[in-house]
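Asker: Structure incoming, see below.
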Amino acid sequence: MPKVIIIGGGWSGCAAALAAKKAGAEVFLLERTDMLLGTGLVGGIMRNNGRFTATEEMVAMGGGELFEVTDNVARHKNIEFPGHKHATLYDVAKVEPAVRDLLKNKGINIRTECRIVDVEMENSKIVAVINDEGERFEGDVFIDCTGTAGPQNNCTKYGNGCVMCIIRCPSFGGRVSIAGKAGIKEMIAKKADGTYGAMSGSCKLHKESLDQNIVDKLNKEGVVVVPIPPEVREDEYILTAKACQQYALKEFIENIILLDTGHAKLMAPFFPLEQLRKIPGFENARYEDPYAGGRGNSIRYTAICPRDNYLKAVGVENLFVGGEKAGPLVGHTEAICTGTLAGANAVRFAAKTELINIPLDLAVGDAISHVGEQMKTEEGIAKKYTFSGAAYFERMKKLGLYTTNIDEIKERVKKAGMENIFNVKVI
């Protein structure tokens, strides 16, 4: 039984662990902080726009367990907000324990507060990874799901400084890239204006600090849209700074858009608190995460790893990548898709059997291939890609990949020869 070591317990790391375990490996999931899911702890948006298609493709391919978890802990289903339809909002307080229980019940070895800081190499192979206490973790195949946000110096260099976000670098130490430690030259994504990095696209407000009428409507309907007086609107440049370009619409400048994920999710990278409190209903507003949400947000996409369509890293023989590490793909759904493929292929690599290349007839396969090509170009690395909006969702529609017809999606997956592929035990 090969040993697969996954570094980073966000959505992609959890998906990789689950896929690798189902394929027959012994799996160790090493997470820097005290909780799994990373930005998924403050995210919550699923199934909006083309993410519905990608989700159901993954379900049909046998990689649907994590999507089932988010459906089970949803606060709202089939809601609409500007530019987005049929969205599900999961409860950020309930999702992490549910995911942890799922992984433990599958027999996955989980180590939290285990910050990996170095690698041990033999020629072009990783032999072991080492944490900040000197503990070694040997493996046959490794998967880098460390993400691209942090450490603090990147938020200072490319953003507005540390804003005390869910990445929690001051408490648990900053992210260390395994691909980078293994000698791979990583890429930094650019914004539309040519500057580097991208800012997380939302922050959280303490519900109890808002007007009760807003809270009641938010709890009942899942969405609240409040017009912003022109004199306190943020400049439109804030839209181009977003990692989440699917929300870079004028409606998000002209309105406060709140989504109910347990917190009141404010769909803006940041909003100066003094200005926010001038809006009726927000006179007493305070932030949850990032706590300095009046100044900025976490900076992401500073450590993207070159990889192929199997999600095998270029330059290291036994390293795979998932999530943001695999390219400027934005979102939980996207992370689960790439993590699942990386986990399945890591085991197949160890077993010396054929790797999975998801066909371009499926949205998931097309996205992985398209983003892989685009991130090699100056123009492409300046964009962010997601099933739920912006340029890639337009591509989905143009190619006829977007649909909410589940039977049609199942048939498409079957025709592509991918039915239940992620439930195949190869060892």
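Asker: What number comes out for accessible area per residue over region 71-225 if the probe is 1.4 Å? Units Å², please. Let's see the in-between values first.
Answerer: Working: 7230 Å² over 155 residues.
Normalised by residue count, the accessible surface of region 71-225 is 47 Å².
Asker: Hey, which lysines would be in cross-link range of Lys125, C-alpha to C-alpha under 19 Å, not counting anything within fewer than 8 residues on its own chain?
Answerer: Once the sequence-local lysines are set aside, what remains near Lys125 is Lys3, Lys181, Lys185, Lys312, Lys325, Lys352.
Asker: If you build a Gaussian network model of the chain, linking Cα atoms that sit under 10 Å apart, which residue out of Ala351, Ala303, Ala198 swings the most?
Answerer: Comparing Ala351, Ala303, Ala198 in a Gaussian network model of the chain, the most mobile one is Ala351.
Asker: For region 60-137, run through the GluC sites (Glu not before Pro) and keep only the ones in DSSP coil with at most 11 other Cβ atoms within 10 Å of their Cβ. Could the numbers behind the result be given before it?
Answerer: Values: sites: Glu65, Glu68, Glu80, Glu113, Glu120, Glu122, Glu133, Glu135; in loops: Glu113, Glu133, Glu135.
Passing both the DSSP loop test and the Cβ count: Glu133.
Asker: So how much slack lies between Glu122 and Lys278, counting 0.36 nm per residue of separation and subtracting their Cα-Cα distance, in nm? Present the calculation step by step, with values, prior to reporting the outcome.
Answerer: On the way: separation 156, 0.36 × 156 = 56.16 nm, distance 5.97 nm.
Working it through step by step, the gained length comes to 50.2 nm.
Asker: Of the beta bridges DSSP finds with both residues in region 7-148, what % are antiparallel, to the nearest 5? Please report the intermediate quantities before stating the final value.
Answerer: Numbers: 15 of 21 bridges.
The answer is about 70 percent antiparallel.
Asker: Obtain the nm distance between the two label points defined at Glu133 and Asn153 by a simple spin-label model: each point lies 7 Å from its Cα along the Cα-to-C-beta direction.
Answerer: Distance between label points: 2.6 nm.
Asker: Any chance you could check the Cα centroid distance between region 81-105 and region 274-333 for me, in angstrom?
Answerer: Each part reduced to its Cα centre gives a spacing of 17 Å.
Asker: Separate question: What is region 291-370's relative contact order, in percent, from Cα pairs under 8 angstrom and six or more apart in sequence?
Answerer: Working: 91 pairs, mean separation 18.3, N = 80.
Over region 291-370, the number comes to 23 percent.
Asker: Then there is this: In nm, give the distance between the simple-model label positions of Ile406 and Val424, each being 7 Å from the Cα along the Cα-to-Cβ direction.
Answerer: Going from the Ile406 label point to the Val424 one covers 2.5 nm.
Asker: Hey, what did region 1-134 get for relative contact order, percent, Cα under 8 Å, at least 6 apart?
Answerer: Working: 219 pairs, mean separation 35.6, N = 134.
Relative contact order of region 1-134: 27 percent.
Asker: List the aspartates and glutamates whose Cα sits under 15 Å from the Cα of Lys414, skipping any in the same chain fewer than 8 residues away.
Answerer: The reachable aspartates and glutamates, counting only those whose Cα sits under 15 Å from Lys414, are Glu56, Glu57, Asp361.
Asker: In the chain, what percentage of the DSSP-assigned beta bridges are antiparallel, given to the nearest 5?
Answerer: On the way: 34 of 52 bridges.
Close to 65 percent.
Asker: Show which aspartates and glutamates lie in cross-link reach of Lys104 when reach means a straight Cα distance below 18 angstrom and same-chain residues fewer than eight apart are skipped.
Answerer: Correct list for Lys104: Glu26, Glu31, Asp34, Glu65, Glu68, Glu96, Glu113.
Asker: Sorted by accessible area (1.4 Å probe), largest first, how do Glu324, Glu254 line up?
Answerer: Accessible-area ranking of Glu324, Glu254, largest first: Glu254, Glu324.
Asker: Restricting to Cα pairs below 8 Å that are 6+ residues apart, what does the relative contact order work out to for the chain? Please round to a whole percent. Walk me through the numbers on the way to the answer.
Answerer: Details: 1026 pairs, mean separation 104.6, N = 427.
It comes to 25 percent, rounded to a whole number.
Asker: Can you pull out the GluC sites (Glu not before Pro) in region 266-295 that DSSP calls coil and that have at most 13 other Cβ atoms within 10 Å? Please list the in-between numbers first.
Answerer: Details: sites: Glu274, Glu283, Glu288; in loops: Glu283, Glu288.
Within region 266-295, the qualifying GluC sites (Glu not before Pro) (loop, at most 13 other Cβ atoms within 10 Å) are Glu283.
Asker: Something else about it: Within region 365-394, report the GluC sites (Glu not before Pro) that DSSP leaves as loop and that have at most 15 other Cβ atoms within 10 Å.
Answerer: Within region 365-394, the qualifying GluC sites (Glu not before Pro) (loop, at most 15 other Cβ atoms within 10 Å) are Glu378, Glu379.
The values are calculated or read from the model by the stated rules, or taken from the named source; none is laboratory data. In this text the structure is predicted, and so the values were computed from the model without any measurement. Glycine also receives a Cβ, built like all others from the backbone with ideal geometry; neighbour counts cover every protein chain displayed. Just the protein is used for accessible areas: all its heavy atoms, side chains included, with ligands, DNA and RNA removed. Shrake-Rupley method; radii C 1.70, N 1.55, O 1.52, S 1.80 Å.
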